[in-house]
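Participant: Below you'll find the structure I mean.
The values are calculated or read from the model by the stated rules, or taken from the named source; none is laboratory data. Note that the structure is predicted; figures quoted are calculated from it, not measured. Virtual Cβ from ideal backbone geometry, glycine too; neighbours counted across all protein chains shown. For accessibility, only protein heavy atoms count, side chains too; no ligands or nucleic acids. Shrake-Rupley method; radii C 1.70, N 1.55, O 1.52, S 1.80 Å.
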2 protein chains.
Amino acid sequence: MTTVRAYRRLSVEERRAQLLDAALSLFAHRAPEEVSLDDVAEAAGVSRPLVYRYFPGGKQQLYEAALRSAAELLEQCFAEPQAGPLTQRLSRALDRYLAFVDEHDAGFSALLQGGSVVETSRTTATVDGIRRAAAQQILYHLAVPAPGPRLRMMVRTWITAVEAASLIWIDEGKQPEVSALRDWLVDQFIALLTATAATDPETAAAARAALALESADGPVGVLARRVIPVVSEAAHLL
Amino acid sequence: MTTVRAYRRLSVEERRAQLLDAALSLFAHRAPEEVSLDDVAEAAGVSRPLVYRYFPGGKQQLYEAALRSAAELLEQCFAEPQAGPLTQRLSRALDRYLAFVDEHDAGFSALLQGGSVVETSRTTATVDGIRRAAAQQILYHLAVPAPGPRLRMMVRTWITAVEAASLIWIDEGKQPEVSALRDWLVDQFIALLTATAATDPETAAAARAALALESADGPVGVLARRVIPVVSEAAHLL
């Protein structure tokens with residue numbers, strides 16, 4: 001009864017959003033193969049023909065629309081004011097990103113692991129759009145106006161590492177704790193930035209500027225003090 | 001005429017290998033969508049029905065078989081004697097891997113970028129098998145008998161970074177030079193190993209053992225001397 005009343009009351013846009021919400025929740029926790037249009041209709045409390053009226057392309061169209069709405073949510077995770085130490089900004093963005101991954105675990109894995117029946121050049125383009133948005137945000141925070149190829153490549157490889165670590169994390173029953181994963185990914189960023197600074201002057205300038213904003217009790221200070229005992233035995237290299 | 005004689009002379013196994021070679025060469029330089037069975041027949045100098053006799057599943061079966069033979073070639077790239085500094089072993093394996101990527105550029109990109117019509121759970125499993133083989137080789141060279149989750153995660157994220165960097169490298173017209181890409185990927189490995197050593201005792205032990213084998217004029221010595229000027233300005237962190 002309540003469903004029928006809701007059906008009458010919603011505008012076209014509201015109805016579409018409601019169907020997308022229901023689809024996204026289902027696609028978040030199951031592989032696309034395991035979600036049917038009947039499931040979506042049931043979750044939204046509507047009939048299957050109504051789902052088809054809004055999404056005449058059926059499951060494929062619904063999946064792609066749900067993916068685009070997930071992409072918008074994800075891109076909002078990366079928005080962060082350009083103030084304070086870089087590692088604080090990265091940590092906050094990673095907290096939001098990893099909460100999204102946690103919330104959409106099965107769908108995230110299915111989407112990124114490939115070989116899915118709903119994967120097309122359009123879904124690939126949506127995922128690439130998310131990666132590009134993430135890379136642009138990071139370059140914006142590194143305050144490099146026209147980043148060269150090496151720095152862009154470094155940022156893109158780190159983003160891939162974050163994706164890979166997220167997939168492994170889901171696969172291993174969400175171990176270690178999300179805060180430990182976040183801290184390790186921040187450490188990886190600092191390590192990659194520093195290693196790339198060794199051979200790329202632009203990255204070196206960005207690394208110097210970023211390190212100047214860090215504090216001794218922040219992630220870089222802690223990392224530096226923990227790394228020194230490991231590398232100090234290798235004085236023969238200097 | 002020569003084709004007909006060759007056709008009569010080859011054994012079933014030889015013919016199959018010849019068709020696979022022809023298919024792999026085609027799939028290496030074009031997206032799977034752009035390769036037809038006629039192309040394979042023409043490249044091998046045989047008729048289309050003959051290709052179907054060996055691969056009744058058509059292009060999909062041929063693609064999967066070519067991918068498996070490529071996977072065997074790739075896994076051989078990782079084989080490396082367990083002697084000398086770790087960075088030397090990594091460099092040699094990367095040289096072979098990057099030569100393979102260079103040789104199979106379009107096919108490599110199409111396979112890893114997803115959304116291809118020939119991508120299935122079987123092709124995904126083949127690619128995952130290559131990643132697993134690469135990870136096992138690296139852990140073998142790190143000489144850790146029963147590696148824990150953090151070290152395994154670090155190795156797997158580095159492998160993903162190598163894949164991502166290879167794709168970007170192809171995409172950017174194979175810039176920088178392959179030796180610069182290789183050296184940078186080795187630097188990344190050292191950076192990730194060291195950063196992970198900060199929070200994982202097992203990785204710290206592996207890093208100490210690896211650094212002890214490095215020399216001052218090797219990659220780690222060069223990296224260390226280049227990184228010091230960048231980080232020395234950040235003495236406030238210690």
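Participant: Could you tell me whether the stretch B:184-196 includes any residue that is more than 10 Å from chain A (Cβ to nearest Cβ) and either assigned to a helix (DSSP H, G or I) or touching a residue at least 12 places away in the same chain (Cβ under 8 Å) (or both)?
Facilitator: no
Participant: Of these, B:Arg152, B:Arg208, which one is more than 30 Å from B:Glu103 (Cα to Cα), in the same structural domain as B:Glu103 (by TED's automatic domain parsing) and of a type in the set (Lys, Arg)?
Facilitator: Answer to the selection: B:Arg208.
Participant: Need the failing condition index for A:Trp184 against (1) of a type in the set (Phe, Trp, Tyr); (2) under 22 Å from A:Ala66 (Cα atoms); (3) touching a Ser or Thr at 6+ places or on another chain (Cβ under 7 Å), just the number.
Facilitator: (2)
Participant: I've got another one for you. Please find, among A:Leu139, A:Leu90, A:Leu112, the residue that is touching a Pro at 6+ places or on another chain (Cβ under 8 Å) and assigned by TED's automatic domain parsing to the domain that holds A:Ile159.
Facilitator: None of the other options fit; the residue is A:Leu139.
Participant: Here's another thing I want to ask about it. Only one of these conditions is not met by A:Pro201: (1) more than 7 Å from chain B (Cβ to nearest Cβ); (2) within 30 Å of A:His104 (Cα to Cα). Which number is it?
Facilitator: Failing condition for A:Pro201: (2).
Participant: Turning to a different aspect of this structure: Quick one: count up the residues across the stretch B:11-36 that are part of a helix (DSSP H, G or I), open to solvent by 60 Å² or more (accessible area, probe 1.4 Å) and either charged (D, E, K, R) or farther than 29 Å from A:Ser121 by Cβ (or both).
Facilitator: 7
Participant: Let me ask you something else. Just wondering, is there one or more residues in the stretch B:79-86 that are over 15 Å from B:Ala206 (Cα atoms), touching a Gly at 6+ places or on another chain (Cβ under 8 Å) and open to solvent by 20 Å² or more (accessible area, probe 1.4 Å)?
Facilitator: no
Participant: What residue, of B:Ser121, B:Ser166, is at pLDDT 95 or above and polar (S, T, N, Q)?
Facilitator: Testing whether each residue is at pLDDT 95 or above and polar (S, T, N, Q) leaves just B:Ser166.
Participant: Can you tell me how many residues within the stretch A:204-238 are open to solvent by less than 70 Å² (accessible area, probe 1.4 Å), more than 19 Å from A:Ile138 (Cα to Cα) and at the interface with chain B (Cβ under 7 Å from one of its Cβ atoms)?
Facilitator: Of the residues in the stretch A:204-238, 9 are open to solvent by less than 70 Å² (accessible area, probe 1.4 Å), more than 19 Å from A:Ile138 (Cα to Cα) and at the interface with chain B (Cβ under 7 Å from one of its Cβ atoms).
Participant: All but one of (1) buried (at least 20 other Cβ atoms within 10 Å of the Cβ); (2) closer than 26 Å to A:Glu177 by Cβ hold for B:Glu119; state the number of the condition that does not hold.
Facilitator: (2)
Participant: Further, regarding this structure: In the list A:Ala135, A:Ala71, which residue meets the criterion of being at pLDDT 90 or above, open to solvent by less than 20 Å² (accessible area, probe 1.4 Å) and more than 23 Å from A:Ser25 (Cα to Cα)?
Facilitator: Testing whether each residue is at pLDDT 90 or above, open to solvent by less than 20 Å² (accessible area, probe 1.4 Å) and more than 23 Å from A:Ser25 (Cα to Cα) leaves just A:Ala135.
Participant: Sort through B:Gly58, B:Gly107 and tell me the only one that's in the same structural domain as B:Glu42 (by TED's automatic domain parsing), open to solvent by less than 20 Å² (accessible area, probe 1.4 Å) and modelled with pLDDT under 95.
Facilitator: Sole residue among the options that is in the same structural domain as B:Glu42 (by TED's automatic domain parsing), open to solvent by less than 20 Å² (accessible area, probe 1.4 Å) and modelled with pLDDT under 95: B:Gly58.
Participant: Here's a follow-up. Only residues in the stretch A:208-231 that are free of Cβ contacts under 8 Å to residues at least 12 places away in the same chain and closer than 10 Å to B:Leu237 by Cα count as the first member; pair them with residues that are open to solvent by less than 30 Å² (accessible area, probe 1.4 Å) and not aliphatic (A, V, I, L, M), Cβ under 9 angstrom, at least 6 apart or cross-chain, and list the lot.
Facilitator: Pairs that qualify, where the first residue is free of Cβ contacts under 8 Å to residues at least 12 places away in the same chain and closer than 10 Å to B:Leu237 by Cα and the partner is open to solvent by less than 30 Å² (accessible area, probe 1.4 Å) and not aliphatic (A, V, I, L, M), are A:Leu211/A:Thr194; A:Gly221/A:Glu214; A:Val222/A:Asp187.
Participant: Also: Just to be sure before I move on: is A:Asp39 open to solvent by 60 Å² or more (accessible area, probe 1.4 Å) and at pLDDT 95 or above in the structure I sent?
Facilitator: It is false that A:Asp39 is open to solvent by 60 Å² or more (accessible area, probe 1.4 Å) and at pLDDT 95 or above.
Participant: Another one. Hey, can you tell me all the residues within the stretch B:138-170 that are at the interface with another protein chain (Cβ under 10 Å from one of its Cβ atoms) and either surrounded by fewer than 17 Cβ atoms within 10 Å (Cβ to Cβ) or farther than 30 Å from B:Tyr63 by Cβ (or both)?
Facilitator: Hits for the stretch B:138-170 are B:Pro149, B:Arg150, B:Arg152, B:Met153, B:Met154.
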